[in-house]
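As structure tokens, the structure follows; a few thoughts come after it.
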Amino acid sequence: MFKITKKMTLAQSIKLIEVLAPQLASKAQPGQFIILRIDENGERIPLTLADCDGQEGTITLIYQEVGRTTLELGRLESGDYILDLVGPLGKPSEIERYGTVVCVGGGVGVAPIYPITRALANAENNIISVIGARSNKHLILAEEMQRVSEKLHIATDDGSLGHKGFVTDILQQIVDSGVQIDLVVAIGPLVMMKAVSELTRPYNIKTVVSLNPIMVDGTGMCGACRVAVGQETKFACVDGPEFDGHQVNWSVAETRARMFADEEQLAMKGCYSGGDCHCQK
Amino acid sequence: MSEVKVKKEKVSRQHMPVQDAQERKKNFNEVATGYSEDQALLEASRCLDCKKPLCVDGCPVDVDIPAFVKLITQREYQKAIDKIKEKNNLPAICGRVCPQESQCEKLCILGKKAEPVAIGRLERFVADWDLEKGQYRAEKALESGKRVAIVGSGPSGLTAAADLAKLGHQVTVMEALHIPGGVLVYGIPEFRLPKSIVQHEIRNIQEIGVEIACNTVVGKINTVDELLNNGYDAAFIGTGAGLPYFMDIPGENLNGVYSANEFLTRVNLMKAYRFPEYLTPIRIGKRVAVIGAGNVAMDSARTPLRLGAEESYIVYRRSEKEMPARLEEIEHAREEGVQFKLLTSPVEIIGDENGWVKGMICQQYELGEPDDSGRRRPIPIKGSEYELEVDTVIMAIGQGPNPLVPQTTPDLRINSHGNIVAEDATGQTSKAGVFAGGDIVTGAATVIQAMGAGKKAARAIHEYLTNG
């Protein structure tokens, strides 16, 4: 059992929890993820780590309530427990001194990009960050990102904060400005990571994305998380989650992300119909 | 009155009672329901109690078979189970999933003329009796003060753990998943090995002092070196064959294509067959093709019928004779309606406009000369391609070794397949104090072979801890 020590709402339907897991907190590195299962009937879901505190022995998870499990997770409060938590899983981000790095985060994807950005800043890179969301109500971690970036750009779909439009509009401006970019790291919805990768491809700018496909065990055992990268099939849980965005087959990734769309709907129905699920309590 | 010598009535091998095929293919209850006491007594009476019992030679963990069978004839069930447990820590599991026909029963003298004693069924009978009525007496050895880390809670790890605990060592088993048992819980279906049985056997092992730490991925949260530097005196690696193979044919990443591991893990470990009560989904279409013909393939083909599929095919590129699954599993699959497309292999999986499987291009094969494995080599027949209409494809063509421990243990020697190199008799690896056994060493094999390896390693670890 893993105790939730802190809980807060960051933005509309985006929540943060800190969970006591001392060994995990001391081991985890930027870019890695965990898998959790809330209770006996729960499914195993992967969440990329948003932060960890080795001193306090806690890890930070930031998630958007998009399905049954994240909704149930959203109903847990400080002092409640999560039944199972395992990690750190996946390979850590490759942190080195690249030069100028553009970190692009979209939606809840700003959460996992924050510790990577911080680590890249600590490795003496010049950081330009671009974060985006549907509106200012959906934007998270802007202050934190500001602290670890030389320059922070914000884009919102509705223009309620920063540039009205997409993060890729800003990325294009940065590229056009003639700044030498040594690396782009992009985490967000598939469609955003795909757009970023397509944007940087003609300029040959190395682009790293972090994939979050459907997983079960997270240790390479089941192969549910397979992604097509270049000519190969990779398992995101052990070979990733980070991959070269120019090599990822995005249509396979998008199709596979929809594999259980109908079942997810069904599970949500169970959630709202006042059944026996815990989220109604 | 003169003594009349009663000639022992000739008893034939007792059949295992099973749920009716039409009935059982609609449920996940255990297929084989187990001997009644009368059947067990009759079956046990068939044993000749040979002076030099060959059956024992066929047992990877050296169970004293004639002794426990004799105790059954005397209705001494507690003593019979104690006798088995001297060597075997998981009897209720072995009685169900061991391939006895190619081990102990294969060597039974009775088998030369008629049918061998049903050793496995008798083992199951006493093990089940034990689960219900037995009184487990934990043997307490003098504490050695030594600590052993066991990586993986599958059959080899549990066996090594139990043996080492009995010898007085302090044992911690580290398991990546949220419940222990490895392939026994994620792989083998409920209808062949009820999970309550596995839990019970594991509880017995915990009762003799073995600690189990779930949600612990060695190679991630810690390394083997860290374990050895932080208080463990030795380590056993039994991480299994946890990396599914795919065929590398077009269409394998379509929706509706699963590895057998994923499919079985969703259904068995995560109880997707009870979705949405349990939240892990599984999607089974109407027509399912399983590629491969081992035990995992049979499990993968029988499960969809229970989930409502109309057709379930085994697609295998060799012939019936070469199928690696146990005969009993093949028969059960056939009775339940699994269809066999033999000398057939897929060359491509075809998707619909939404990225879902809608068919599979199959090619037919004929058998040529024997290959390295001694089996006749399948040769594709040109122009024999045809489309099989399916909406789910399950790849059950084997698993490779899980790389997490080898990758993070630099001085651990591995072979070209990624298996850990370990001595056969001891499990000793290239690294001092580190032993390995089971599928991570041999490649995918059976539960009992893994248990045998765990047993040998436990002996060797005890020797290492005692005499250095």
Out of all the residues in the range B:339-349, is one or more polar (S, T, N, Q) and part of a loop (DSSP other than H, G, I, E, B)?
no
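What number of residues in the range B:171-199 are farther than 26 Å from A:G87 by Cα and outside any loop (DSSP other than H, G, I, E, B)?
Number of matching residues: 2.
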Within the range A:1-41, how many residues turn out to be in a strand (DSSP E or B), away from chain B (no Cβ under 14 Å) and either in contact with a helix residue (DSSP H, G or I) (Cβ under 6 Å, 6 or more places away or on another chain) or closer than 30 Å to B:Y273 by Cβ (or both)?
2
Residues that are of a type in the set (D, E, K, R) and either crowded, with 21+ Cβ neighbours inside 10 Å or away from chain B (no Cβ under 13 Å) (or both), drawn from the range A:75-103
A:R75, A:E77, A:D80, A:E94, A:E96, A:R97
In the range A:225-232, is there at least one residue being surrounded by fewer than 21 Cβ atoms within 10 Å (Cβ to Cβ), within 13 Å of chain B (Cβ to nearest Cβ), part of a strand (DSSP E or B) and not aromatic (F, W, Y)?
yes
Every residue from the range B:33-47 that is over 21 Å from B:L193 (Cα atoms), among the hydrophobic types (A, V, I, L, M, F, W, C) and surrounded by 23 or more Cβ atoms within 10 Å (Cβ to Cβ):
B:A44, B:C47
Residue hits (the range B:239-264; touching a helix residue (DSSP H, G or I) at 6+ places or on another chain (Cβ under 7 Å) and either hydrophobic (A, V, I, L, M, F, W, C) or more than 10 Å from every other protein chain (Cβ to nearest Cβ) (or both)) are B:A241, B:A260, B:F263, B:L264
Among the residues in the range B:200-220, are any among the hydroxyl-bearing types (S, T, Y), modelled with pLDDT of 95 or more and touching a Ser or Thr at 6+ places or on another chain (Cβ under 8 Å)?
no
Taking the range B:219-231 and keeping only residues that are within 12 Å of A:K27 (Cβ to Cβ) and within 28 Å of the chain's Cα centre (by Cα), one is left with B:G219, B:K220, B:I221, B:N222, B:T223
One residue from B:V97, B:V6, B:V61 being at pLDDT below 95 and under 30 Å from B:A272 (Cβ atoms)
B:V97
Matching residues in the range B:215-238 (in contact with a helix residue (DSSP H, G or I) (Cβ under 8 Å, 6 or more places away or on another chain), touching a residue at least 12 places away in the same chain (Cβ under 8 Å) and either farther than 26 Å from B:T466 by Cα or facing chain A (nearest Cβ under 9 Å) (or both)) number 3
Within the range B:200-211, of all residues that are surrounded by fewer than 22 Cβ atoms within 10 Å (Cβ to Cβ) and not in a helix (DSSP H, G or I), the one nearest to the other protein chains (Cβ to nearest Cβ) is B:E211
Please indicate, with yes or no, whether at least one residue in the range B:331-338 is free of Cβ contacts under 8 Å to residues at least 12 places away in the same chain, out of contact with any Lys or Arg (no Cβ under 6 Å at 6 or more places or on another chain) and among the acidic types (D, E).
yes
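Hand me the list of strands (runs of 3 or more DSSP E) wholly inside the range B:212-292 holding 1 or more residues that are of a type in the set (G, A, S) and within 30 Å of A:Q231 (Cβ to Cβ).
Passing ranges, in order: B:257-259, B:287-291.
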Some residue of the range B:312-335 being assigned to a strand (DSSP E or B) and surrounded by fewer than 18 Cβ atoms within 10 Å (Cβ to Cβ)
no
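Residue by residue, here is whether (1) without any contact (Cβ under 8 Å) to a residue 12 or more places away in the chain; (2) farther than 21 Å from B:E30 by Cβ; (3) within 14 Å of chain A (Cβ to nearest Cβ); (4) not acidic (D, E) holds:
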{"site": "B:R266", "(1), (2), (3), (4)": "no, no, yes, yes"}
{"site": "B:E277", "(1), (2), (3), (4)": "yes, no, yes, no"}
{"site": "B:G285", "(1), (2), (3), (4)": "no, yes, yes, yes"}
{"site": "B:A297", "(1), (2), (3), (4)": "no, no, no, yes"}
{"site": "B:S300", "(1), (2), (3), (4)": "no, no, yes, yes"}
{"site": "B:Y313", "(1), (2), (3), (4)": "no, yes, no, yes"}
{"site": "B:S319", "(1), (2), (3), (4)": "no, yes, no, yes"}
{"site": "B:P324", "(1), (2), (3), (4)": "no, yes, no, yes"}
{"site": "B:E328", "(1), (2), (3), (4)": "no, no, no, no"}
Filter the range B:398-421 down to the residues that are touching a residue at least 40 places away in the same chain (Cβ under 8 Å) and farther than 27 Å from B:Y258 by Cβ and list them by number.
B:T408, B:T409, B:L412, B:I420
Of all residues in the range A:1-32 being touching a residue at least 60 places away in the same chain (Cβ under 8 Å) and in contact with a Cys (Cβ under 8 Å, 6 or more places away or on another chain), which is surrounded by the fewest Cβ atoms within 10 Å (Cβ to Cβ)?
A:A28
Has the range A:263-276 got any residue that is at pLDDT 95 or above and surrounded by fewer than 21 Cβ atoms within 10 Å (Cβ to Cβ)?
no
Can you tell me how many residues within the range A:42-56 are touching a Leu at 6+ places or on another chain (Cβ under 6 Å) and within 14 Å of chain B (Cβ to nearest Cβ)?
2
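The values are calculated or read from the model by the stated rules, or taken from the named source; none is laboratory data. All values derive from a computational prediction rather than experimental measurement. Note: ideal-geometry Cβ built from the backbone for every residue, glycine included; neighbour counts use all protein chains shown.
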